[in-house]
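A.B. asks: To start, I am sharing the structure in question, which I have written as structure tokens.
The values are calculated or read from the model by the stated rules, or taken from the named source; none is laboratory data. Keep in mind that what you see is a predicted model, and the values were worked out from it rather than measured. Here Cβ is always computed from backbone atoms with ideal geometry, including for glycine, and neighbour counts include all displayed protein chains.
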Amino acid sequence: MVINFEENFEIKKLTSFKIGGSIARAYFPESEDDFVAVLKQEPDAVVLGNISNVLISDSGYSGAVVLTSKMNKIEINGTRVSAQCGVKGQKLAQEAARAGLAGLEFMIGFPGAVGGEVYMNASANGQAISDNFLKARCYSRERGVFELTKEEMHFGYRTSVCQEKGIKVLSAEFELEPMDAEKVNARMQSCLEFRRSHQPLLSLPNCGSIFKNPPGNSAGKLLDECGVKGLKQGGVEVWENHANFIVNSNGGSSLDVLELMLKMRDAVKEKFGINLEPEIIFLGGNNKREDELCKMLYQKMQK
Ligand SMILES: Cc1cc2nc3c(=O)[nH]c(=O)nc-3n(C[C@H](O)[C@H](O)[C@H](O)COP(=O)(O)OP(=O)(O)OC[C@H]3O[C@@H](n4cnc5c(N)ncnc54)[C@H](O)[C@@H]3O)c2cc1C
């Protein structure tokens, strides 16, 4: 089996933040068998989808990364839709709409892939990936390939069992609702319109919401009340229209982002006594100052 592989792979251009250095070993599996073979060979590999929720250090990552973009098959049987982990959420939403199936419209609005969306339990516009989720094919070192049902996924706000147990998602299956394609398209359109008025477009590189909403509150509102909109650090800044977004407006670095996150977090802590938890994930380990910042920002050290 020959699996596409590159050493010292420059990842910056693939990330939604347009930030990130060299990855020591990058694998590009094209099938479930490839994916499992890589994970057996590289048990500590980090799996990445569309890299829209991960900040990668400019100092790079010394381990292995599996990029799932070539695992992109979709199958539709009646109301059941199954997608490999690398399928872009936007494409899945469009294919489902074309087949007259509703339930995944929210995916049209942001740049994740199915594996990352299941792992994060992505949600928007009142819908979540968990709503119509049936089961996923998964892999872990301990169990090999196995299936997890919706109940076994333990979905919560931006969480799933995959995060606690180091489980990789190979593919996911959804049970959707039959609906007139025009109506599904109209619902997708309204998700897009909402997004255009509330979030930065990707022409302004960003990583989505920086912090999770604390229980019963809104991270964006708390940050806004601290007056952080427009706050700059090196080449990055808090977006002027929504305080929970950092945009890479001027060729910023991963260090800039982490320093700005700390300022944002501390402003909220000081004013409201609330400790915001980052939603974005950090991948690095080769820069001392970044490690220090991560220890302050993240309860658990990120890989
Ligand atoms: C402009 C913008 C808007 C956004 N809006 C929203 C929003 O409205 N709602 C929302 O929920 N999110 C939003 N996001 C964040 C992001 O798109 C989601 O978190 C998405 O689910 C991440 O998917 P991804 O494929 O990019 O994952 P990545 O960023 O590549 O990875 C995210 C995490 O998932 C893990 N992972 C990825 N693939 C797999 C796999 N196959 N198996 C196991 N683990 C895996 C990674 O290791 C990492 O820990 C937004 C991002 C941007 C840039």
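A.B. asks: Find the residue count for region 74-101, including only residues that are in contact (Cβ under 8 Å) with a residue 60 or more places away in the chain and under 20 Å from residue 137 (Cβ atoms).
C.D. replies: So the count comes out to 8.
A.B. asks: Restricting the search to region 27-61, which residues are charged (D, E, K, R) and either more than 17 Å from residue 113 (Cα to Cα) or within 12 Å of the ligand (Cβ to nearest atom) (or both)?
C.D. replies: Result: 32, 33, 34, 40, 42, 44, 58.
A.B. asks: How many residues are part of a loop (DSSP other than H, G, I, E, B), within 10 Å of the ligand (Cβ to nearest atom) and buried (at least 24 other Cβ atoms within 10 Å of the Cβ) when one looks only at region 87-111?
C.D. replies: Adding up the residues that qualify gives 1.
A.B. asks: Among the numbered criteria (1) surrounded by fewer than 19 Cβ atoms within 10 Å (Cβ to Cβ); (2) among the aliphatic types (A, V, I, L, M); (3) within 14 Å of the ligand (Cβ to nearest atom), which single criterion is violated by residue 64?
C.D. replies: All conditions pass for residue 64, except number (1).
A.B. asks: If I ask for residues that are under 17 Å from residue 68 (Cα atoms) and part of a strand (DSSP E or B), which ones from region 120-139 would you list?
C.D. replies: 136, 137, 138, 139
To keep it simple, each residue is scored yes or no on (1) part of a loop (DSSP other than H, G, I, E, B); (2) more than 30 Å from residue 40 (Cα to Cα); (3) not assigned by TED's automatic domain parsing to the domain that holds residue 288.
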site: 147; (1), (2), (3): no, no, yes
site: 170; (1), (2), (3): no, no, yes
site: 189; (1), (2), (3): no, yes, yes
site: 193; (1), (2), (3): no, yes, yes
site: 204; (1), (2), (3): yes, yes, yes
site: 223; (1), (2), (3): no, yes, no
site: 227; (1), (2), (3): yes, yes, no
site: 255; (1), (2), (3): no, yes, no
site: 259; (1), (2), (3): no, yes, no
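A.B. asks: It is to be established whether one or more residues within region 144-151 are touching a strand residue (DSSP E or B) at 6+ places or on another chain (Cβ under 6 Å) and touching a residue at least 24 places away in the same chain (Cβ under 8 Å).
C.D. replies: Scanning region 144-151, I find at least one residue that is touching a strand residue (DSSP E or B) at 6+ places or on another chain (Cβ under 6 Å) and touching a residue at least 24 places away in the same chain (Cβ under 8 Å), so the answer is yes.
A.B. asks: If residue 133 satisfies all but one of (1) closer than 28 Å to residue 298 by Cα; (2) within 14 Å of the ligand (Cβ to nearest atom), what's the number of the condition it fails?
C.D. replies: (1)
A.B. asks: While we're on this one: Out of region 102-142, which residues are closer than 11 Å to residue 168 by Cα and either without any contact (Cβ under 8 Å) to a residue 24 or more places away in the chain or of a type in the set (Phe, Trp, Tyr) (or both)?
C.D. replies: 119, 139
A.B. asks: Another question, then. Given the structure, is residue 162 in the same structural domain as residue 88 (by TED's automatic domain parsing) and surrounded by 15 or more Cβ atoms within 10 Å (Cβ to Cβ)?
C.D. replies: For residue 162, the condition - in the same structural domain as residue 88 (by TED's automatic domain parsing) and surrounded by 15 or more Cβ atoms within 10 Å (Cβ to Cβ) - is met.
A.B. asks: Pick from 152, 164, 117, 142: which is more than 14 Å from the ligand (Cβ to nearest atom) and part of a helix (DSSP H, G or I)?
C.D. replies: 152
A.B. asks: Take residue 209 and decide whether it is assigned by TED's automatic domain parsing to the domain that holds residue 114 and modelled with pLDDT of 95 or more.
C.D. replies: No; evaluated as a whole, the condition is false for this residue.
A.B. asks: Can you say whether residue 47 is of a type outside the set (Lys, Arg), modelled with pLDDT of 95 or more and either surrounded by fewer than 19 Cβ atoms within 10 Å (Cβ to Cβ) or not in a loop (DSSP other than H, G, I, E, B) (or both), as far as the supplied structure shows?
C.D. replies: Yes; evaluated as a whole, the condition is true for this residue.
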